[in-house]
Every structure is written in C-alpha cells, then in structure tokens.
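What follows is calculated from the coordinates using simple rules that are stated; it is not laboratory data. Because the structure is predicted, anything quoted here is derived from the model rather than measured. No Cβ is skipped: glycine too gets one built from the backbone with ideal geometry, and neighbour counts run over all protein chains shown.
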Amino acid sequence: MKSLAAVLIVLAAVLVAASASESEFKQPPVTDMPADPRGPLLGRFAVLVYSLNRNRKLTYAGVSLVGQHPDKGGVRYQMVVTAADVGGATAPYRAVVWGVPETHAWMLLEFKRIN
C-alpha cells in the first residue's frame with residue numbers, strides 16, 4: 001500500500017513539473033507582443049546612424065510597416081523608413097534595428113534603399 005502511494009505521489013510530481021516547464025519557458029509568438037510606439041523614434045535613429053556612418057545628408061521623413069519580434073534578449077524591429085536627401089527627393093529604405101527597450105543598447109543592423 002505504501003509503495004502504491006509513493007508511486008502515485010512521484011507520478012503526480014512528474015506531471016506537475018512537466019506542465020510547469022511547458023507553460024513557463026515558452027517564448028511568446030510574434031503576434032502576442034503589444035504594439036510598440038517606438039517606430040518613429042527608431043526610424044529617426046536609423047536615418048541618423050546611417051547618415052553619420054556613410055557621411056550622407058539624409059533627413060527623416062516618415063516610417064511605416066514597423067514589425068517587431070524578440071531576438072537574443074532584446075527586440076528586433078524591421079521597418080520601412082522614408083528619408084529625404086539634400087535635394088529634397090525622398091526614397092524608402094528598409095531598416096533593421098535591434099535593442100533592449102528602456103536601455104541605451106541599440107544597434108542599426110541594416111539600412112538599404114528599396115528600389
């Protein structure tokens with residue numbers, strides 16, 4: 001009788017541990033992330049960093065299609081940024097920015113003109 005009770009207790013503990021590990025350690029899907037108002041700020045950041053790095057005179061004109069997903073302890077933002085050159089001609093660029101929200105750790109990973 002005691003061995004049956006011990007087996008049932010061990011079995012119950014294993015089931016509880018298995019269900020806890022499944023629910024606690026899952027990374028949330030992309031659709032579960034709340035909308036982030038950082039789009040325009042990150043668009044300006046991308047244009048500024050690219051302009052300084054490439055010695056080009058671009059100014060921020062707008063941002064659209066901001067997507068985000070968790071990545072390596074931070075958040076990866078993909079967006080279409082509209083930038084204007086010295087002559088005033090605007091063009092869309094694909095920008096990818098990675099960072100940790102509420103910190104100063106931000107990096108521009110990609111900034112390419114969309115043809």
(request) Evaluate the distance, in nm, between pseudo-label points positioned 7 Å from the Cα of residue 56 and of residue 107 along their respective Cα→Cβ axes. (result) 2.1
(message) In the stretch 78-92, whose amide N lies under 16 Å from the spot 7 Å out along Cα-to-Cβ of residue 44? List them in ranges.
(response) 81-84
(request) Could you pull the Rg and Dmax for the stretch 34-113, using just the Cα atoms, both in Å? (result) 12.2, 40
